[in-house]
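Down below is the structure, laid out as C-alpha cells.
Derivation of every value follows stated rules applied to the coordinates shown; laboratory data play no part. This structure is a prediction, so every number in the text was calculated from the model and none was measured. All Cβ positions, glycine included, derive from the backbone under ideal geometry; neighbour counts span all protein chains shown.
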Amino acid sequence: MISRNEVSISKLLPTSLRAAIIACSFWVLSLPMTVVSGSVAAFCGSLLICYTIDLRLDREFFSKLRTLSIIGLSICLWATGLLLSNFFVNTEIISFSASPLIAFNLSEAIKWLALSSSLTLILRTLAQRTSYGATIEIIFVAAAFVITLAAHRNGMIHRPFLIGDFAIIRGIDPSSILMVLGCAAVISLSALLMVEKNHKRLPYHFSILGILCLSLFVYVNFFGIPTPQSTDTMGLTGEASDNTNSQRDNPFRDGENENSDREAPVAVVVFRDDYEPINGSYYFRESAYSQFNGTMLDYSNIDGMDADLIKKFTIDRTEAEQNPLAEDQHKAIKTTVGMLVPHRNPFGLESPIAYENIANPNNVRFKRTYDAYSLAPQYSFEYLLEREVGNEEWSEEILTEYLRLPDDDRYRSLADELIGNLKPEFTNDPFAKTWAIKAYLDENGIYSLKNEHAYESDPAASFLFGDLTGYCMHFSFAATYLFRSLGIPSRVGIGYSVPAANRAGGSALLVQAIHGHAWPEVYFKDIGWVIIDPAPQQTLVDMTTDPQDSLQQLLGDMLRNDSSFQDFLESQRTSFIQFGTILNIIYALVITLILIGYVVKTYRLLIPNFSLANERYRVSYRAILDRLACIGIRRRFGESREKFASRASKTVPSIIELTDSHLSCALGNISKWKNYETNWQEFERRIQQEITSNTNIWHRVVGLINPFSWLLTK
Amino acid sequence: MNSGNTDKVTELTSTDTNGAKPNTDSLEVATKTLKELNDIVKQQVLGRDDVIELAIIALIADGHILLEDFPGSGKTTLAKAMGEAIETRQSTDEPIVPFRRIQFTPDLLPSDITGVPVFDSNSNAVHFHHGPLFAHVVLADEINRTSPKVQSAMLEAMGEKQVTVDNTTYLLDDLFFVIATQNPLDLIGTYPLPTPQLDRFLFKITMDHIDRASELEVLDSYKERRQLTNQHKTVTRSDVLMARSIIDKNVEISAQIKATLVDISRNLRKDDRVLQGNSTRSMVLLLPALQVSAALRQREYVSTEDIELLIPHVLNHRIELAPGVSDIKKILQENMQEPIEKLAKSTLK
C-alpha cells in the first residue's frame, strides 16, 4: 500500500531528468535564433509542461482529452503566442510606455514560450500515449544536438563559436570538446531511454544506440573524420591526377553546382617571409588553361609550354622548369601550405618556383603539407609600361598556341574598338592595351554566379557579346581571347585569390572554397607571367565572407607546429589545470572504482564459506540478497524483510523460508542458528536453481557484469 | 505438577500454570491453543478473520478491545463465540461464567455491573451478589451510552482486575477480557470516552462491512452455526492462561525491535500533525501483544510483520491529531517507514 504522495516522489526524479533534457534541448535550439529572454522562455516553457503532464494532470483532466484535441490545442497555443508576440512588436503601446527593447524582449519570450510549451505538450502526449512517441522525443533531442553542432561541419573546426572560442583560448583542440559533447548527447539519450516507462523495449533501444555509436567510432577509426569533397566551383580540388593533360570537364559547367558550403576551408598557408601583395589580393596559382583545343582553352600538352607550372605533388622537392625573370622586381617568399582537402595539383603563392614536401604535423587534419618557394611580384603596373610581350626562347609553335582563339571576328573588332581610345603614346604599348580591355570589363561587366552561358558553343563569346554577366571564368576567358586577338600571348591562370585583409595581421592565411578563382595572365618579356585580373564594379552576389580569424590562427598554429606554439600551449595549460591529466585521472578513478566494485562483490559472495559460525546467518543471507540484487530484485525503502520476501518469492520461492531463518537469528536467539547451519549450502543451491529457471539469461549476464549490484542490497 | 506434560495441562490450576517450566515443545502447546481458539471462533464469525486474530491477541496479551462498528455487524457474535470457546469447570460455588453481555444505557448504575451485597434472611448474613463483570469475556455494548460514573467503574475493573463494593474488594478472574463496542456515527446522547480512558483498551478496531461472499455464507448457514454453539469446547481457561505464560517466556523481543518501537513513538511525537503522541505505557502494553502475534505465526521472535500489524490498532486511539488532520493511517505509515528501514538494515549488521 503506497500512498499517492510517495508515487509522485518516486516519479519526481525521472520526470525531472526528462524535463531537464528536453528543456535543455529547447534552450540549445533557441540559442542561435533568439535573444536571452527567448531562450529562457523556451527553457521554462518546456520545463513547466513536462512537470505538469508527468506529475499533475496524469489522471484527471488530462486523461479526458483525446490526443488529437491536445495536438490541436497545442497548435492553437502556438498561434496565440505568435499573434501576441507580433502584437507587442507591431503596436506602439509597450515600446512607447516602456522601451522598444522591452517590447522586443517580451515578444521574443512569448513567442518562444508558446513554441516550446506547445511542442513539448505534443511530444510528451505522444510519448505517453503512443508506442512511437518516445522515439519522436528522442529524435527531437538528438536533432537539437546535431543542429547545434552542425556549424562544425565542412571543416569549420572552430565552430560553433561558443565551443570553439572556449577551446582555442585554452589551447585545446575544439574537436575533443565536440567529442565530449557527443558523449553528452549519447548519455542524455540513454537517460531519456532509461526513464521510459516500457522497460521491455529498453534492451532493444539501447542496442540500437550502441550500434550507432560503435559504427560511428569504427567509421572514424577506419576512414577518418569526413572531409568535404567538392568544395569549389573551379575544379581545383579532388584527387591528385598523374596525367594533368587529360581532357577534363567543361570548366564553365562546374559553376552549376549548388554550393552551400562556400565558406568551407580548403587549405591554410603560413607565410615564412614578410610579404604584402601590391594589388590587394594574394594569388595562389595551381594551374593554367593555355592551349586552345578548338572550343575553349585547356591544359597544355605541348612540351615547353607553361614550363613555369609544377603539375604534380612531390616526394621531396620539385622545381619549375622556368622561373620569372627580373629577379630584382620579385621577392623570394617561403610559405607552408597545409591542404585540408585533397587537390588535383599543388598550388603556391604567385609565382611558385619550387615545392618541398614536409612532415605532416596532423594527419587527421591535413591531407598534404609542403613548403612553397615563390617569387612574388614587387613591381607596380607602371613598371610594365613600354615592355614587350612574349619570350624569345619560345618556339614558334608555343607562341602560336598562346595566341590562338576561337574563330570569331568580334573579339578582334571589340579589342580594336577598345584600344582605339588610348592616348597616342600608348597605342602600341601592350600593357596599355591589356589595361584598356581590363578597364572595359571592370566598368561594364556584372559579376554573377548565375551561369547562363554554360551550354553555348563559346561561353566566353556569349558572355562578352551578350549581357556581360558572369563569373571569373567568363571574365578571364573573355579577357584572354581579347588579349590574344591583339597578338598578346596570354593564358587563364587558375587557383585561389584571397583578399589581403583576410590575413588580419597574422602570418597564417585561410583559403576557403569561395576563394577559388580564374584570372587572365599576360607574358611580358624579361618579367614572366603577369596577372591582369578584371574586377567588375557591379556585382549581383555578395562574395564577402565572415572573417574566420580564430580558425585561421588555429590551423596556422597547427600547421606551424612550432615549439613556440607548444610553449604557448604549455603556458596556457599550466595556468589552468591540465585537461589531459584530468581525463586520465578520471579514467583511472573509474577503473579503480569498477575494480573495487568487483572485489567487494566477490568478497561478499564468498565470505559465507569462511566466516565465523555466529556471523554466518548474516553474511550468508547477504550473499543471497546480493544474488537477487543482481537480477534486479531488491528491498524498497521502508519495506520489511518479510514483505520483500513475499514479493521476491514470485521468482525465488525459497526466499521466504530463508528470510524466516535469518530473522530468527537476527531478532530471536542467536543460538538457534545451529539448526540452520547445515541447511545453508542447500539454501544457496536452491536459490541459484530458482534464479536460473525463473529469469532469462540476458538478465543474469547483465547482473553478473554489474560491478555495483551489491550496493542495491539493503 | 510442573512436568509440563501437555496432557495434564487441563488439570492445572491457574497459579500452578504460572510456574510451569517451559520446554522445547512448549511454544507449540501455546500455538496449538491459539489455533484451536481461532478455529472455534471462526466457525461462528464469518469474514472477520483479521478481527478474530486481533481479539485473540488481546485476550492472550491480557488486554481489552474496543470495536467501532455499526449495529448488527457481528460484534456480539464475536464476543459470545470468544466467551463460549473457553470452557470453565462449572462448580456450583464458582461465580465466574464464560460470557456476559452488558448493554450500556444512560440510567445504568455502577452496582448494576459490579454486583451488590444482599442480605439473606435465611442465613442472616450479607452475601455479595456478583454482577455481570464476573465473567471471562464481557461484551460491553455501546459503552459510550452510559454515564461517566459507570464508565469509570467499568474501566477500573478493566485496569485493576477487581471491583470494590462497600469497601470490600472482589477479585475478577485472571482471564477477564472486555470487548467494548461503540457506534462511530450515532453520537446523540452519548458520553464519548476521553483519551486517558481509551488508553485502557489495548486495541481499537474499526470494522468494515464483510465482503459479499462472507455475507452470503452468513445468510446460508446461520441456523447450523447456531446449533454448533454448544459443541467443540476444546479450549479451557487454564489452556489460555498457560499459553499466556509460555508465550511470555519463549517469544524473544530483540533490542532492535524495542528500539524500533521507541523510534516510531519518538517520530510520532515529533510530527507536526500530531498534537499528542502515544504514551510509553502503550508501548509496554504492546510488547505482549507482539509476542502473541509472533506465536500465532509460529515464530519464536517478534518481527517487523507484528509491528506493522499491531501498531495501527494500538496507536490509532492513543494519539491526538492536530486540528484539521484526519488521515491517521497515513501518518502512522509515514512515521513507521524510517524505523522499519533501520530495523531491516540492522539484521545485516
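Out of A:TYR283, A:ILE302, A:ALA264, whose Cα points farthest toward the positive end of the dipole of segment A:257-363 (charges: +1 Lys, Arg; -1 Asp, Glu; placed on Cβ)?
A:ALA264
Considering amide H positions built from the backbone, and no H for Pro or chain starts, which residues 5 or more places from A:LEU340, or on another chain, come under 5 Å of its amide H?
Under 5 Å from the amide H of A:LEU340 lie the amide H atoms of A:ALA267, A:VAL268, A:LYS367, each far enough along the sequence or on another chain.
Residue by residue through segment B:266-281, which ³J(HN,Hα) values in whole Hz follow from phi under the Karplus form 6.51 cos²θ - 1.76 cosθ + 1.60 (θ = phi - 60°), with glycine and proline marked x?
Karplus values, whole Hz, x for Gly and Pro: 5, 4, 5, 5, 7, 4, 5, 7, 9, 6, 9, x, 7, 7, 5, 4.
Using a 10 Å cut-off around each Cβ of peptide B:291-303, what is the average number of partner chain Cβ atoms that fall inside?
Values: counts 0, 0, 0, 2, 0, 0, 2, 1, 5, 5, 9, 3, 10.
That average works out to 3.
Do any GluC sites (Glu not before Pro) in segment A:372-425 lie in a DSSP loop with no more than 16 other beta carbon atoms within 10 Å, and if so, which?
Hits after loop and neighbour filter: A:GLU386, A:GLU388, A:GLU392, A:GLU393.
Residues of B:339-345, mean number of Cβ from any other protein chain within 10 Å of their own Cβ, rounded to a whole number? All intermediate terms of the calculation are to be shown ahead of the outcome.
Values: counts 1, 6, 7, 1, 4, 12, 3.
If you average over the peptide's residues, the count of other-chain Cβ atoms is 5.
To the nearest 0.05, what FRET efficiency results for A:ASN357 and A:SER457 with a Förster distance of 41 Å applied to their C-beta separation?
Efficiency at R0 = 41 Å is approximately 0.45.
Write down, largest first, the equivalent ellipsoid semi-axes of segment B:21-245 in whole Å, where each equals the square root of 5 times an eigenvalue of the alpha-carbon gyration tensor.
28, 24, 17
Students often get this wrong, so check it: of A:LYS601/B:LYS270; B:LYS270/B:LYS345; B:LYS35/B:LYS161; A:LYS64/B:LYS345; A:LYS312/A:LYS525, which have C-alpha atoms separated by over 32 Å?
A:LYS601/B:LYS270; A:LYS64/B:LYS345
Counting only other chains, and only Cβ atoms inside 10 Å, what mean value do you get across the residues of A:656-669?
Working: counts 0, 0, 0, 2, 5, 0, 2, 9, 5, 2, 10, 16, 10, 5.
Mean shielding by partner chains, rounded to a whole number: 5.
Check B:LEU108: other-chain or 5+ apart residues with amide H under 5 Å from its amide H, H built from backbone geometry?
Here the answer is B:SER147, since their amide H atoms fall under 5 Å of that of B:LEU108.
If you count the DSSP beta bridges with both ends in chain B, what percent of them are antiparallel, to the nearest 5? Present the calculation step by step, with values, prior to reporting the outcome.
Numbers: 12 of 33 bridges.
Counting DSSP beta bridges with both partners in chain B, the antiparallel share is about 35 percent.
Ranked highest first by the average count of other Cβ atoms within 10 Å around their residues, in what order do A:38-47, A:70-79 fall?
With the highest mean Cβ count within 10 Å placed first, the list reads A:38-47, A:70-79.
Using a 10 Å cut-off on Cβ atoms, rank the peptides A:431-441, A:510-520 from the highest mean neighbour count down.
A:510-520, A:431-441
Take the alpha-carbon centre of segment A:62-113, take the same for segment B:113-186, and report the distance between them in whole Å.
With segment A:62-113 and segment B:113-186 each reduced to a Cα centre, they are spaced 79 Å.
Karplus couplings for segment B:148-158 from phi (6.51 cos²θ - 1.76 cosθ + 1.60, θ = phi - 60°), rounded to Hz, Gly and Pro as x?
Once rounded to whole Hz, the list reads x, 4, 5, 4, 5, 4, 4, 6, 5, 4, 5.
Mind listing which chymotrypsin sites (Phe, Trp or Tyr not before Pro) in segment A:374-413 are in a DSSP loop and have 15 or fewer other Cβ atoms within 10 Å?
Listed in order of number, the matching sites are A:TYR379.
Using the Cα centre of segment A:581-712 as the reference point, and only Cβ charges (+1 on K/R, -1 on D/E), how large is the resulting charge dipole? Debye, rounded to the nearest 20.
Computed charge dipole of segment A:581-712: roughly 200 debye.
On the principal axes of its Cα set, how long, how wide and how thick is segment A:581-712? Give whole Å, largest value first.
The Cα atoms of segment A:581-712 stretch 56, 33, 29 Å along the principal axes, largest first.
Label points 7 Å out from Cα along the Cβ direction at A:VAL180 and A:SER380: separation in nm?
My value for the distance between the label points is 5.4 nm.
What net charge is computed for the residues neighbouring B:ARG269, neighbours being all others with C-beta under 13 Å from the C-beta of B:ARG269, Lys and Arg scored +1, Asp and Glu -1?
0
Given the rule -39500 (n - 2.57) for each run of at least 4 DSSP H residues, summed and divided by the residues of chain B, what is its mean residue ellipticity at 222 nm, to the nearest 500 deg cm²/dmol?
Mean residue ellipticity at 222 nm (helix-derived): -15000 deg cm²/dmol.
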